[in-house]
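The values are calculated or read from the model by the stated rules, or taken from the named source; none is laboratory data. Keep in mind it's a predicted model, so treat the numbers as computed, not measured. Note that we place each Cβ from the backbone using ideal geometry, even for glycine, and neighbour counts take in every protein chain shown. All accessible areas refer to the heavy atoms of the entire protein, side chains included, with ligands and DNA or RNA removed. Shrake-Rupley method; radii C 1.70, N 1.55, O 1.52, S 1.80 Å.
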Amino acid sequence: MKFKRYTQYLLEHRLLAVLLTFGFTFIPVIGVLGILFAALVTLRKGMLEGAVMTAAATLPYVFSFIVASHDAGTQPLVLWTAVGVAVTSNVLTWVFAVLLYRQMTWSGILQVAALLGVLVVSVIHLVNPNVVDWWSQQLTSYYTQAATVMSGVLTSGVSLPTDMQLESIKVTKFYADGMIAVAVLLNAIMQLIVARWWQSALFAPGVLRRELHNIRLSPLAGVLFVLSLVLSYMNNSVVLDMMPVVYMLFAGAGLSVIHYFIALMVSPTRWFWLAVVYVTLIFAMPTSMVFVAMVAALDVWLDLRRKLRKI
């Protein structure tokens with residue numbers, strides 16, 4: 001298999017792999033291959049080898065940030081967010097790959113990821129208790145600049161955000177930190193999944209499927225989930241900001257349960273039903289994610305897979 005031979009060749013020639021990873025990262029779309037290969041190296045060779053490749057896949061974003069920061073037309077909020085998400089996602093992909101290399105389960109990795117997200121949101125609110133108002137100002141400024149550029153009146157006046165955008169700001173400002181945390185964590189986890197698939201497809205067929213079909217969260221996570229729901233219902237600003245991270249954790253575990261059940265179908269149409277499930281989830285968001293999270297919460301206490309096996 002040519003793909004396996006190419007992969008093994010790169011794994012055996014570090015300098016060439018580093019140069020290719022560094023160069024590919026500058027190319028839009030396919031640049032993600034750099035961090036995917038870095039994660040694969042971590043899964044195959046460990047922390048230090050993976051760190052070298054991760055640095056090669058991340059430095060181009062830093063260089064791009066330095067160049068873009070000198071562009072007067074670049075909006076600071078968008079620039080910092082985009083580069084911050086990319087760099088942090090790469091670093092976290094490496095961290096999670098190290099944990100997986102050291103035999104941590106996907107359940108553990110998801111819970112570590114959620115814990116990091118919750119801690120970051122908590123620290124932000126501790127350092128800046130008025131972060132909700134800060135986000136309101138930043139989002140208003142962003143929409144104002146965007147509306148001004150779109151209307152083409154940069155030199156003759158300023159366009160204000162629309163009523164719909166103002167309504168969006170009123171809602172988004174309460175969840176902004178959590179949503180960015182989810183973007184970073186989800187990107188890192190998806191990159192790790194693809195890298196694990198790469199490893200599994202070439203060196204250990206079937207491993208990734210078994211791992212992802214058996215994600216089940218701890219009872220402590222279940223208790224914290226219920227507590228978070230109660231506090232968010234009471235409009236606690238810190239917990240509200242954490243909720244995107246909490247739902248990400250439980251939605252991931254819930255999807256594992258759904259995939260496990262569908263995999264039990266012997267009919268060749270199971271791929272069709274899986275596609276139907278995902279289309280439904282996408283078009284019914286965010287309500288569908290709440291439902292999937294509830295499936296994971298039930299699984300914490302009922303162990304749905306074990307009950308099904310008994311049947």
Between (1) 1.03; (2) 1.11; (3) 1.32, which matches Cα Rg over 2.2 N^0.38 Å calculated for the structure shown? (2)
All other residues with a Cβ under 14 Å from the Cβ of Ala51 taken together, and with Lys, Arg as +1 and Asp, Glu as -1, what is their net charge? +2
Which of the three applies to segment 229-311, rounded, prolate or oblate, going by the alpha-carbon gyration tensor with a ≥ b ≥ c and a/c under 1.5 meaning rounded? oblate
Would you list, by chain and number, the aspartates and glutamates whose Cα falls below 16 Å from the Cα of Lys170, excluding same-chain residues fewer than 8 positions away? Asp133, Asp241
Leaving out ligands, DNA and RNA, what percent of the accessible area of the chain is carbon and sulfur, probe 1.4 Å? 72 percent
Helix-only CD estimate at 222 nm, as mean residue ellipticity for the chain, using -39500 (n - 2.57) per DSSP H run (n ≥ 4): -26500 deg cm²/dmol
In a shell of Cβ-Cβ distance under 10 Å around Ser256, excluding Ser256 itself, what net charge do Lys and Arg (+1) and Asp and Glu (-1) give? 0
Counting Lys +1, Arg +1, Asp -1, Glu -1, what net charge surrounds Arg14 among other residues with beta carbon under 15 Å of its beta carbon? 0
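Scale the Cα Rg of segment 166-220 by the rule-of-thumb value 2.2 N^0.38 Å and send over the ratio, two decimals.
1.68
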Mean Kyte hydropathy of -0.5 or more with a Cα span along the axis of at least 18 Å, helices from DSSP in the chain: 47-68, 76-101, 106-127, 131-151, 176-203, 219-233, 237-263, 270-283, 287-302
Out of Met265, Met179, Met47, any idea which swings most in a Gaussian network model of the chain, alpha carbons joined below 10 Å? Met265
Heavy-atom accessible area per residue, the chain, 1.4 Å probe: how many Å²? 56 Å²
